[in-house]
1. Go through Ala184, Ala141 for me and flag whichever is out of contact with any helix residue (DSSP H, G or I) (no Cβ under 9 Å at 6 or more places or on another chain) and modelled with pLDDT under 80.
2. Go through Glu210, Glu179, Glu133 for me and flag whichever is surrounded by 10 or more Cβ atoms within 10 Å (Cβ to Cβ) and modelled with pLDDT under 75.
3. Can you tell me which residues in region 79-101 are closer than 28 Å to Tyr61 by Cβ and among the charged types (D, E, K, R)?
4. Considering only region 100-123, I want to know if a residue exists there that is of a type in the set (Val, Ile, Thr), closer than 30 Å to Pro25 by Cβ and either touching a strand residue (DSSP E or B) at 6+ places or on another chain (Cβ under 8 Å) or surrounded by 14 or more Cβ atoms within 10 Å (Cβ to Cβ) (or both).
5. Looking at Ala78, is it part of a helix (DSSP H, G or I), loosely packed, with under 14 Cβ neighbours inside 10 Å and out of contact with any strand residue (DSSP E or B) (no Cβ under 8 Å at 6 or more places or on another chain)?
Amino acid sequence: MGILDRIGTIIRANINDLLSRAEDPEKIINQTLMDMRQAQYEARMEVAQAIAEGKKLERDYKAREREAEGWLAKAQKALESSREDLAREALKRKQSSRALADGLKEQLESHQAMVEKLKTQLLALDAKIDEAERKRQLLIARQKRAEAQQSVSAAMQRTDTRKAFEAFDRMEGKISGLEDRVTAEAELAEDLTLDDEFASLETDTALEEELAALKAQVAGEVDS
């Protein structure tokens, strides 16, 4: 049957080999699973149809069995009525029904064996799909990690880290120089402030001396 060949091909499919030839591994994995699920659906329909055909064969077989038994009963009844000719004809038909029943029984047994084989392969396909789904998740996770590593590697290659750090060093030197200038200016400002205070003190002393001299002069004039 065609469906059996297809199931066998899919079960034997090598996903890793497909990945090595695919531009997008995730797409080929998903497509493979879609094909497997489609085959699974068709296989289920095939098995269901085969089971239905088996039930019909079984009904036909049992009907021919009952028919053979019915002709046997008629042959017995004909003999009881001294109708040997009818009994002979009934036995002929009984033999024909029995032969047909035997043929149907053989077909039924062969069909049932085929149905069991279909069921076994369907279970194998179910297990393969479950395995493929688990493998799909692992493979896609590996793909994402590889892509992330590739992106980081490409970014590192696009960036000249040596020049970048040289630029940082130059900026650090400029900032350090600026900080030194600010410190020097602050110290200079502090020195200027002290000079002003000392100059102020000197101004105050001269003023006091001049004031004292003026007081002495005024007092001398008063005494004279």
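The values are calculated or read from the model by the stated rules, or taken from the named source; none is laboratory data. Since the structure is predicted, the reported quantities are computational estimates derived from the model, not experimental observations. Counting neighbours? That spans all protein chains shown, and the Cβs are built from the backbone with ideal geometry, glycine included.
1. Working: Ala141 fails: modelled with pLDDT under 80.
After ruling out the rest, the residue left standing is Ala184.
2. Working: Glu179 fails: modelled with pLDDT under 75; Glu133 fails: modelled with pLDDT under 75.
Exactly one of Glu210, Glu179, Glu133 is surrounded by 10 or more Cβ atoms within 10 Å (Cβ to Cβ) and modelled with pLDDT under 75, namely Glu210.
3. Kept after step one, since they are closer than 28 Å to Tyr61 by Cβ, are these residues of region 79-101: 79, 86-101.
The answer is Arg88, Glu89, Lys92, Arg93, Lys94, Arg98.
4. No, that holds for no residue.
5. Details: part of a helix (DSSP H, G or I): yes; loosely packed, with under 14 Cβ neighbours inside 10 Å: no; out of contact with any strand residue (DSSP E or B) (no Cβ under 8 Å at 6 or more places or on another chain): yes.
For Ala78, the condition - part of a helix (DSSP H, G or I), loosely packed, with under 14 Cβ neighbours inside 10 Å and out of contact with any strand residue (DSSP E or B) (no Cβ under 8 Å at 6 or more places or on another chain) - is not met.
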